[in-house]
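As structure tokens, the structure follows; a few thoughts come after it.
The values are calculated or read from the model by the stated rules, or taken from the named source; none is laboratory data. Remember, it's a predicted structure, so these values are computed and weren't measured experimentally. Ideal geometry is used to build each Cβ from the backbone, glycine not excepted, and the neighbour counts take in all protein chains shown.
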Amino acid sequence: MITIFHELYADSYKPWDARFWVMPFQRYLTTRMATMSDGILANWDEAVSWLSERVNGTPLRMSPTFSNVGEPEALPDYSERTPYAVCFGRAGRKEEMYQQHAEALNSMLQTAGIERIVDIGSPPSESSYAGLNVTVSTTGIQPVDAISTYLREASLGLLNYPLHCLKKSGVWASYAAYGVPTVLAAERQPVEGLAEKTHYVLLGSYTPNTGQLSSISGAIRQWYIKRAHSRLSAKRVEQVIAELL
């Protein structure tokens, strides 16, 4: 049995949070599943470290999440992209970003020449982006072809996600696959294989110019091709199987 772990357990150290009470059981079940597995893949570095402490000699690979909205073979030059940002993902995370980081977003978008935000997926409340100085166009849930078009033409991607587990994010994978320079609302943390100002920008830290965004677009795209593409995920599964034969 080969197990691919996307999640380990929900963690909280606050007794009034339901996750506090289920965390021990989830940790136990995850450990049991890992020890029962003949091979394991996990999609972020901390998960690999956690699992490696609980299995002995089981083939284990780190395999970042790949894009589930397409992996284009070719993309237009960054200079040909349209001056809008995409914000893709769960409504709650998007609302938090719009509300808590409105001032930093306004500054970043103005300096980068971004004229509007295309919000893809479950729409946030209108009040959450009332403090933004650009138009927010909410598309709702869209088919893959439509999302692909939005990402292919976007000049910037917005993402509210913890940096330490960025490689498990499907939104990050989608941005990377399409070479969309990503602005993260996250605390600064080291991430193996990814570098601030090379592969992403932390919101509020600095505002890149067009040339820097173009460079980030190329770097994030190359990282995806070399580290996260679905072809590589398939090869890692093959490698685990080969170790078991």
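Can you run down the residue pairs with Cβ atoms below 6 Å, 6 or more apart or on separate chains, where the first is in region 1-23 and basic (K, R) and the partner is outside any helix (DSSP H, G or I) and surrounded by 13 or more Cβ atoms within 10 Å (Cβ to Cβ)?
Pairs that qualify, where the first residue is basic (K, R) and the partner is outside any helix (DSSP H, G or I) and surrounded by 13 or more Cβ atoms within 10 Å (Cβ to Cβ), are R19/A10; R19/S12.
Select from region 167-188 the residues that are hydrophobic (A, V, I, L, M, F, W, C) and modelled with pLDDT under 95 and list them in ascending order. Write out each step before concluding.
First, pick out the residues of region 167-188 that are hydrophobic (A, V, I, L, M, F, W, C): 171-173, 176-177, 180, 183-186.
Result: A185, A186.
Please pick out the residue among V86, V144 that is of a type in the set (A, V, I, L, M), in contact with a strand residue (DSSP E or B) (Cβ under 7 Å, 6 or more places away or on another chain), assigned by TED's automatic domain parsing to the domain that holds V183 and in contact (Cβ under 8 Å) with a residue 40 or more places away in the chain. Reasoning before the result, please.
Details: V144 fails: in contact with a strand residue (DSSP E or B) (Cβ under 7 Å, 6 or more places away or on another chain).
Among V86, V144, only V86 is of a type in the set (A, V, I, L, M), in contact with a strand residue (DSSP E or B) (Cβ under 7 Å, 6 or more places away or on another chain), assigned by TED's automatic domain parsing to the domain that holds V183 and in contact (Cβ under 8 Å) with a residue 40 or more places away in the chain.
Name every residue in region 100-119 that is farther than 22 Å from I220 by Cα and either of a type in the set (A, V, I, L, M, F, W, C) or surrounded by fewer than 17 Cβ atoms within 10 Å (Cβ to Cβ) (or both), in order of residue number.
Of the residues in region 100-119, the ones farther than 22 Å from I220 by Cα are 100-104, 106-107, 110, 115-116.
Those that are farther than 22 Å from I220 by Cα and either of a type in the set (A, V, I, L, M, F, W, C) or surrounded by fewer than 17 Cβ atoms within 10 Å (Cβ to Cβ) (or both): Q100, A102, E103, A104, N106, S107, Q110, E115, R116.
Quick check on region 172-186. Is at least one of its residues assigned to a loop (DSSP other than H, G, I, E, B) and exposed (fewer than 14 other Cβ atoms within 10 Å of the Cβ)?
To start, the set of residues in region 172-186 that are assigned to a loop (DSSP other than H, G, I, E, B) comprises 178-181, 185-186.
Pick out the ones that are also exposed (fewer than 14 other Cβ atoms within 10 Å of the Cβ) and you get none.
Looking for residues that are assigned to a loop (DSSP other than H, G, I, E, B) and exposed (fewer than 14 other Cβ atoms within 10 Å of the Cβ), one finds none in region 172-186, hence no.
Quick one: A195 ticks every box in (1) in contact (Cβ under 8 Å) with a residue 40 or more places away in the chain; (2) under 16 Å from the mean Cα position of the chain (by Cα); (3) under 20 Å from I225 (Cα atoms) except a single one, so which number is it?
So A195 meets the others, but not (1).
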